[in-house]
Amino acid sequence: MEGFLFDELREPALIPEVESGVTLRPYQRDAFEAVFKEWNGGKVSTLVTIPTGGGKSVVFSAVMSEVMRCQPDRRILVLAHRAELIWQAKQHA
């Protein structure tokens, strides 16, 4: 898929904070890096699993922020079965 790779992705080790100022924990940074490694390796779909309370919204928001930084014209659709999850993601973005 042309235009899907993130050529401008900063070195993951240089991304200590999400735009909201939240510092990613080591396992969250690992998840963040793994998503881009999969995408840059040609995978279109990827899955991240983190236990309850582990900061999935924080990781998701960091991924969204980086995608928007690299490709500001890209659109992102967020679907969830609870409105609270959407608001939580928005707070971290």
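The values are calculated or read from the model by the stated rules, or taken from the named source; none is laboratory data. This one's a predicted model, so the numbers in the text were calculated from it and none came from an experiment. So basically every Cβ, Gly included, is an ideal-geometry build from the backbone, and we count neighbours across all protein chains shown. Side chains are part of the model used for accessible areas, which takes the heavy atoms of the whole protein and leaves out ligands, DNA and RNA. Shrake-Rupley method; radii C 1.70, N 1.55, O 1.52, S 1.80 Å.
First select every other residue whose beta carbon is under 15 angstrom from the beta carbon of residue 46; then total the charges, Lys and Arg +1, Asp and Glu -1.
Its environment carries a net charge of -1.
How far, in nm, would the chain grow between residue 81 and residue 69 when pulled straight, counting 0.36 nm per residue and subtracting the alpha carbon separation?
Numbers: separation 12, 0.36 × 12 = 4.32 nm, distance 2.71 nm.
That works out to 1.6 nm of additional length.
Given a Förster radius of 25 Å and the C-beta distance between residue 47 and residue 90 as r, what FRET efficiency does 1/(1 + (r/R0)^6) yield to the nearest 0.05? Working shown, then result.
Numbers: r = 22 Å, r/R0 = 0.88.
The pair residue 47/residue 90 has a calculated efficiency of 0.70.
Pull out the extension gain between residue 25 and residue 38, defined as 0.36 nm times the separation in residues minus the alpha carbon to alpha carbon distance; nm, one decimal. Walk me through the intermediate numbers first.
Values: separation 13, 0.36 × 13 = 4.68 nm, distance 2.01 nm.
Full extension of this stretch gives 2.7 nm more.
Please calculate the 1.4 Å probe accessible area of residue 24, with all protein chains present, and give it to the nearest 10 Å².
About 10 Å², rounded to the nearest 10.
Could you tell me the accessible area of residue 90 in Å² (1.4 Å probe, neighbours in place), rounded to the nearest ten?
Around 130 Å² of this residue is reachable by solvent.
As a test of reading the structure, rank 63, 44 by solvent-accessible area (1.4 Å probe, protein chains only), most first. Don't jump to the answer; show the numbers that get you there.
Values: 63 15, 44 85 Å².
The most accessible residue leads, giving 44, 63.
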